[in-house]
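Computed from the coordinates by the stated procedures, all read-outs in this text should not be read as laboratory data. Keep in mind the model is a prediction, meaning the values are calculated, not measured. Note: ideal-geometry Cβ built from the backbone for every residue, glycine included; neighbour counts use all protein chains shown.
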Amino acid sequence: MNKEANQRNAGSRWRSLWPRSIRWRLQLLLALVLTSVLIGFGITVYERQRANRFHQIDAELEVRVAALSRVVREYYRDAPGPPRHAPRGGLHEPHWRERRPPPDGPPPGPPPRGPRKMRPAMPGKLNELPLSSEAAALFGKGGEADYFIVWYRDGTLLKRSDNAPLDVVAPLRSERDTLPHFRTRQTFREALHCSGFGECALAGRSFQPDLEAAKKFGWVLLAAGGVLLTLGLSAGWWLTTRAIRPIEEISAAASRISQGNLSERIQIAGGADELGRLAGVLNSTFAKLESALTQQLQFTADAAHELRTPVAVIIAEAQTTLARERTAAEYRETVKADLETAQQLRRLTESLLELARFNTNDERVPRTDVDLARIAATCVERIGPLAAEHGIQIQCSFAPAYVYGSADRLDTLIANLLSNAIHYNKPRGEIRVTTSAGAESVVLTVADTGIGIPATDIPHIFDRFYRVDNARSRAEGHTGLGLAICKAIVEAERGTIEVASTRGIGTTFTVRFATTASAQA
């Protein structure tokens, strides 16, 4: 438990050290990446440059020691050496080989060259070995940094440059092969080469100037890396600032909207990128919120206004009745009026609750495959007495039309449309109810031969508490919520509702739903 607690505390401390700002997080990550890349690149370049320089030094030393070896070989080419079949690594007494002519005359081939100058078998005094022009030129080029030493096959010092270190000793016999050897000693790099007879030449140079140059090159790389890191971080800050600015604008706009300024919108240039699309979605959401809040405020105001009237009537009737003694008939009339007003208040309250329930668009409402024609037939049968009371005939033409939806909601929809067609119809008018099914949608139409709706009122008939004939609607107890409820039901069932009306001829409501297969897809 203590271990887990310590781990959680360590994680909390680490998170507290991590910056909260996205901009600083991006900047820190960029700094880490740039620093790692520049360090890796700098180390690679430095080591590569250093290795190339040492390879160059080795190549120069190899040329110089080869030139020295040629000098020694030319100078002692006639000196007697070990026997042809003598074991390697052993020393033998020097001797001269006799060159006898063959018994049958001169050997075949080109005539022999003139007599060559014979070199002594043992070295003479120190520095008697002359350098060739090639070797002198090579060692003269390097200045004081280059030096050389030459040993005879027995380890005797033959020649050395004036600047050669005094602590250089002759190579061991095991080191005297014909391959060049390289070694580093303190701040000196040396190349050693021995001939097959044992003479050895050493060429070396001090690489202290190269170390100083490498050090300076390292400081140059460090300075260049610092400049590049500064430029990279500056560019990263500029880029992150540009990238974060739209988010800051979105946050500022959302903050102003949360303070009540619902008309505020996000303004971002270049709306084709991801942030632009996000701003568009947020602006659409804010517009819907503004519209919903406006509708809610309007609904509250309208509901308060509609509820105030019946409540005021009930209060006025009660106050008038209580003002003086009345007869039983008068009390009866007062109670009857209050009952009618209370019934109107009840219908209004139920309509408001029903409309609020539809506006929630609750997905838990059970939906099944239902036949819109069967529901319409049931509604016509139920509302028939009301139509007969107003002297209105209902003509039906039902074709099977299956939709995926809520049977209760669709029943309420058709009942409201039929009730609206009855109340706004002419005496002895007609109502035509039809259902039909197509490949993609099913259609329900409710047409009447009523008074019609003025063109100026058609855009508003689905608004809450809107009445085309306000005086007549109130007198007949209509709340002005029937068509608003119809529209809410249609939208909840993912359909559309349209109205077409001609003044004095009639009105037709057309409702379309997706077919069962399309709705469930």
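Quick rundown of the values:
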{"read-out": "Residue-wise HN-Hα coupling along segment 383-389, computed from phi with Karplus coefficients 6.51, -1.76, 1.60 (Hz; x: Gly, Pro)", "value": "8, x, x, 5, 5, 5, 4"}
{"read-out": "Karplus 3J(HN,Hα) series, Hz, for segment 52-67 with 6.51 cos²θ - 1.76 cosθ + 1.60 (x for Gly, Pro)", "value": "4, 5, 5, 5, 5, 4, 4, 5, 5, 5, 4, 5, 5, 5, 5, 5"}
{"read-out": "Segment 364-520, relative contact order in percent, only Cα pairs under 8 angstrom and at least six apart counted", "value": "26 percent"}
{"read-out": "Proximal charge balance of residue 40 [Cβ under 14 Å; K/R count +1, D/E count -1]", "value": "0"}
{"read-out": "Proxy reagent accessibility, fewest Cβ within 10 Å first, across 35, 516", "value": "35, 516"}
{"read-out": "Using θ = phi - 60° and Karplus 6.51 cos²θ - 1.76 cosθ + 1.60, couplings along segment 248-263 (whole Hz; Gly, Pro as x)", "value": "5, 5, 4, 5, 5, 5, 5, 5, 5, 5, 5, 7, x, 8, 6, 7"}
{"read-out": "Relative exposure of 513, 182, judged by other C-beta atoms within 10 Å (fewest first)", "value": "182, 513"}
{"read-out": "Residue order, fewest to most surrounding Cβ atoms within 10 angstrom, among 215, 487", "value": "215, 487"}
{"read-out": "Segment 150-192, relative contact order [Cα under 8 Å, separation at least 6], %", "value": "22 percent"}
{"read-out": "Amide hydrogen neighbours beyond the local backbone of residue 157, cut-off 5 Å, H modeled", "value": "152"}
{"read-out": "For residue 396, residues with placed amide H under 5 Å, excluding near neighbours", "value": "433"}
{"read-out": "By average C-beta atoms within 10 angstrom, highest first, the peptides 449-457, 148-156, 367-375, 389-397", "value": "148-156, 367-375, 449-457, 389-397"}
{"read-out": "Charge sum, other residues only, whose C-beta stays under 14 Å from residue 256's C-beta, Lys/Arg counted +1 and Asp/Glu -1", "value": "-3"}
